[in-house]
Amino acid sequence: MINHPTSRAEPGADRESGFTLLEVLVVIVIIGLLVGFVAPAVLHQLGGARVSIAKQSIQRLGSVLDMYKLDVGSYPSTSDGLVALIDKPDDATNWNGPYLQSQSGILDPWNHAYVYRFPSNRAGHDYDLCSLGPNANANDTATEDMICNP
């Protein structure tokens, strides 16, 4: 009988098909190394994206606060806060809101409320609008990680 490539293998040949335990372990180690190198880079990019989103959101909220000031005559008080952009404060005349559609507009990318103060504690600013950043501590509103309006 002539062996052709399409002929059936011998019955004992099935034991040699598949992967050995060593081959499987090598593949698992390679995948683990790839994850170990790639995951930190991806997480770093994600953190940078959130900071960028926070800066853009602060600029957008600044524009909304300017519209509020044009309508009402002044920025919302610290006690009214950014909620004044959604719900009309009792003392606001000529309020043409809501200026934001929902409470999610006043949360930073880390799901913390923005810190708002009017008048500002910083020289040359009408108001302070800041995110506490990725390491937010609600009790500490003067961290170096804060991202504030320019």
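Name the residues in region 64-77 that are exposed (fewer than 15 other Cβ atoms within 10 Å of the Cβ) and under 25 Å from Val51 (Cβ atoms), would you?
Asp66
Identify the single condition in (1) under 30 Å from Gly48 (Cβ atoms); (2) at pLDDT below 90; (3) out of contact with any helix residue (DSSP H, G or I) (no Cβ under 6 Å at 6 or more places or on another chain) that Gly97 does not satisfy, given that it satisfies every other one.
(1)
Which of (1) modelled with pLDDT of 90 or more; (2) in a helix (DSSP H, G or I) does Pro40 not meet, given it meets every other one?
(1)
Do you know which residues across region 51-65 are free of Cβ contacts under 8 Å to residues at least 12 places away in the same chain and touching a helix residue (DSSP H, G or I) at 6+ places or on another chain (Cβ under 9 Å)? Walk me through how you get there before you give the answer.
So the first thing to find is which residues in region 51-65 are free of Cβ contacts under 8 Å to residues at least 12 places away in the same chain, and the list is 52, 56, 60, 63.
Hit for region 51-65 is Arg60, nothing else.
Somewhere in region 62-71, is a residue hydrophobic (A, V, I, L, M, F, W, C) and modelled with pLDDT under 90?
Within region 62-71 (the criterion being hydrophobic (A, V, I, L, M, F, W, C) and modelled with pLDDT under 90), the answer is no, since none of the residues qualifies.
Could you tell me whether any residue of region 90-105 is in a loop (DSSP other than H, G, I, E, B) and touching a residue at least 60 places away in the same chain (Cβ under 8 Å)?
Checked region 90-105: no residue is in a loop (DSSP other than H, G, I, E, B) and touching a residue at least 60 places away in the same chain (Cβ under 8 Å).
Return yes when Ser104 is loosely packed, with under 15 Cβ neighbours inside 10 Å and under 25 Å from Ala49 (Cα atoms) and no when it is not.
Against the criterion (loosely packed, with under 15 Cβ neighbours inside 10 Å and under 25 Å from Ala49 (Cα atoms)), Ser104 qualifies.
Taking the condition surrounded by 15 or more Cβ atoms within 10 Å (Cβ to Cβ) and on the phi > 0 side of the Ramachandran plot, does Gly81 pass?
Details: surrounded by 15 or more Cβ atoms within 10 Å (Cβ to Cβ): yes; on the phi > 0 side of the Ramachandran plot: yes.
Criteria met by Gly81.
The values are calculated or read from the model by the stated rules, or taken from the named source; none is laboratory data. Here the structure is a predicted model, which means the values were calculated and not measured. Using ideal geometry, Cβ is built from the backbone for each residue, glycine included, and neighbour counts are taken over all protein chains shown.
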